[in-house]
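Right, one structure below, let's go through it.
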Amino acid sequence: MAWIIGIDEAGYGPNLGPFVMSAVACRVPDDLGHNNLWHLLNGVVRQAAQPNDGRILVDDSKRVYSTAGGLGELERGVHSLLVRNSPSLTLHTFLEGVAPDDLAELRAEHWYTGVSAIPAAGRLAEIASLATGFDAACTTTGIAFRLVRGVVMCPPRFNGVLDAHGSKGAVLAEALRHLLRCCRETLPGDDRLQFFVDKHGGRNAYAAQIQHALAEGIVLVRQEGMSRSVYEVLGLTREMHLTFQPRADSEHFCVALASMTSKYLRELLMGEFNQFWQQHVPGVKPTAGYPGDAARFLKDITPAAQRLGISEAALWRRK
């Protein structure tokens with residue numbers, strides 16, 4: 001058996017709101033390890049290019065979510081595949097399981113309450129039915145899925161990492177370090193860990209980041225280039241292999257699920273962010289926090305933020 005782990009993020013580009021990175025794992029029998037999981041689970045899941053025939057959509061979050069379409073498809077996938085044992089939660093209870101190390105940071109945010117009910121779009125009966133079908137398909141193939149951990153980084157810590165390292169890429173490295181350690185420590189057994197990570201920012205060399213995260217091991221570079229960067233970590237209690245590649249969320253099922261999970265969490269948190277500011281600035285248009293519109297939103301809320309004693313540095317991510 002081996003664990004295949006996908007890692008991807010949401011919210012790296014915005015100036016407002018949190019940055020989120022998630023790790024999703026599946027345990028796969030050795031004889032299926034090189035199979036495409038979309039093909040193995042074809043009876044219950046599909047990609048965006050396939051017909052919308054009722055199967056669960058699993059793909060790069062950009063293909064699953066749109067502002068016009070809302071959270072429905074994103075939520076349908078995340079809940080049916082990963083949250084199926086607890087279909088009705090609050091945002092806070094969800095985060096207690098997904099990002100427990102970041103709860104204190106979130107509680108320090110003026111806008112965060114965690115009381116939002118999820119699934120936000122409802123459809124509990126449909127999700128339960130889809131989850132039952134997905135469980136049956138996983139039982140047949142011997143595959144088991146698990147949402148390992150998420151990292152939620154709000155602007156104060158985001159800016160702190162920028163100040164400490166002078167590079168926005170250090171934010172990705174810090175989140176990745178945390179997720180690699182969580183996967184190594186929490187995934188049961190001594191099975192091989194095979195990571196697939198979506199590449200960002202044009203970087204090709206990741207050995208130093210991996211070595212910092214897994215200091216007990218020795219990182220060997222197997223390949224480094226534009227198309228992919230591949231590493232092996234020796235000296236640990238279990239085998240570890242890591243592959244970084246562009247558009248990994250289109251090629252690897254678990255990376256697509258990690259992309260969807262990160263986007264789902266980010267959208268839920270931005271919902272609370274916008275709700276808070278609409279209470280204090282009636283009529284303010286919601287924002288997704290991306291450059292351009294973020295400046296408009298910051299200008300609109302600045303008088304209220306000053307009244308509330310919230311500094312711009314606590315709101316605005318500088319890169």
Residue separation between ALA215 and ALA121 times 0.36 nm, minus their alpha-carbon distance, gives in nm 29.6 nm
Per region 188-267, sqrt(5λ) over the Cα gyration tensor eigenvalues, sorted largest first, in Å, gives 22, 17, 11
Compactness summary of region 1-153: radius of gyration and Dmax from Cα atoms, Å, are 16.1, 50
If each K or R counts +1 and each D or E counts -1, the residues other than GLU224 whose Cβ falls under 12 Å of its Cβ total +4
If each part is reduced to its alpha-carbon centroid, region 1-17 and region 96-113 end up apart, in Å, by 18 Å
The alpha-carbon center of region 22-83 and that of region 198-276 are separated, in whole Å, by 18 Å
Per residue, accessible area of the chain with a 1.4 Å probe, heavy atoms of protein chains only, in Å², comes to 42 Å²
For region 190-255 the GluC sites (Glu not before Pro) that pass both the DSSP coil test and the at-most-15 other-Cβ-within-10 Å test are GLU216, GLU239
Pseudo-spin-label distance THR132 to ALA170, built 7 Å along Cα→Cβ, given in nm, is 5.2 nm
Cα-based Rg and Dmax for region 1-79, in Å, come out at 14.7, 45
Distance in nm between SER88 and ASP293 label points, each 7 Å along Cα→Cβ, equals 3.2 nm
Restricting to aspartates and glutamates and to Cα separations under 18 Å from LYS285, and discarding same-chain partners fewer than 8 apart, the set is GLU267, GLU272, ASP293, ASP300
Rounded to the nearest 10 degrees, the helix 155-165 long axis (Cα) sits at an angle to the longest Cα principal axis of the chain of 70 degrees
Counting every C-alpha pair in region 136-269, the percent lying more than 27 Å apart is 22 percent
Hydrodynamic calc, region 276-319: Kirkwood Rh from Cα pairs, then Stokes-Einstein at 4 °C with viscosity 1.567 mPa s, so D in µm² s⁻¹ is 120 µm²/s
The simple spin-label model distance between ALA314 and THR113, using points 7 Å out along Cα→Cβ, in nm, is 1.8 nm
Quick numbers on region 231-303, Rg and Dmax over C-alpha atoms in Å, give 19.4, 58
Helix 124-141: inclination vs the chain longest Cα principal axis, degrees, rounded to 10, gives 20 degrees
One quarter of the C-alpha convex hull surface, i.e. the mean projected area of the chain in nm², amounts to 16.2 nm²
Nearest 10, in degrees from 0 to 90: the angle of helix 293-308 to the longest Cα principal axis of the chain is 60 degrees
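The values are calculated or read from the model by the stated rules, or taken from the named source; none is laboratory data. All figures in this text were calculated on a predicted structure; none of them were measured in a lab. Cβ: placed from backbone, ideal geometry, glycine included. Neighbour counts: every protein chain shown. Surface areas here come from the heavy atoms of the whole protein model, side chains and all, with no ligands, DNA or RNA. Shrake-Rupley method; radii C 1.70, N 1.55, O 1.52, S 1.80 Å.
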